[in-house]
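Colleague: Structure incoming, see below.
Taken together, the values in this text are just the output of simple stated rules run on the coordinates, not laboratory data. Predicted model only: the values in this text are computed from it and were never measured. Counting neighbours? That spans all protein chains shown, and the Cβs are built from the backbone with ideal geometry, glycine included.
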């Protein structure tokens, strides 16, 4: 059984907003990496985070749990988690689970940056 690795790259856009670019599946095996990345950013005082999911073909309930937990943490600081470029199947999961109501979902990074005020 081969497990797909999740590539995680964090870049700072103009205005310093961290963008977490994911490549691979976000599931029970890979979500601890994502959780650690997000917690590290929050611990550094980053409360507005953009997650680029363009190259994420699949997310499971564990991955969704990490996103919800992150949203709760930044919410304590009036922050936000924006999801950018979800492919149709990932967007459908977000829609079915009604997570489109708690996350700002954008089709491109520029729209997300504009919404965070940067």
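Colleague: Rounded to the nearest 500, what is the chain's calculated 222 nm mean residue ellipticity when only DSSP H runs of at least 4 contribute -39500 (n - 2.57) each, over all residues? Don't skip to the end; give the middle numbers.
Modeller: On the way: 4 runs with 44 residues, N = 118.
That comes out to -11500 deg cm²/dmol.
Colleague: Tally the DSSP beta bridges in the range 1-85 and give the antiparallel ones as a percent, rounded to 5. Could you put the intermediate results ahead of the total?
Modeller: Working: 6 of 16 bridges.
Taking every DSSP beta bridge with both residues in the range 1-85, the antiparallel ones total about 40 percent.
Colleague: Also: R0 = 22 Å: FRET efficiency of residue 5 with residue 62, Cβ-based, nearest 0.05?
Modeller: Details: r = 16 Å, r/R0 = 0.71.
Once the sixth-power term is evaluated, E becomes 0.90.
Colleague: Report the full-extension gain for the segment residue 12 to residue 76: residue separation times 0.36 nm, less the Cα-Cα distance, to one decimal in nm. Intermediate values should be presented prior to the final figure.
Modeller: On the way: separation 64, 0.36 × 64 = 23.04 nm, distance 2.21 nm.
That pair, residue 12 and residue 76, stretches by 20.8 nm at full extension.
Colleague: Also, quick follow-up: If you rank 30, 97 by fewest surrounding Cβ atoms within 10 Å, what's the result?
Modeller: Numbers: 30 24, 97 15.
Taking fewest neighbouring Cβ atoms as first place, the list is 97, 30.
Colleague: Please list the radius of gyration and Dmax for the chain, considering alpha-carbon atoms only, with Å as the unit.
Modeller: 13.1, 44
Colleague: Okay, next question. Among 20, 51, 28, which one shows the biggest mean-square fluctuation in a GNM of the chain, springs joining Cα atoms closer than 10 Å?
Modeller: Between 20, 51, 28, it is 28 that shows the largest mean-square fluctuation.
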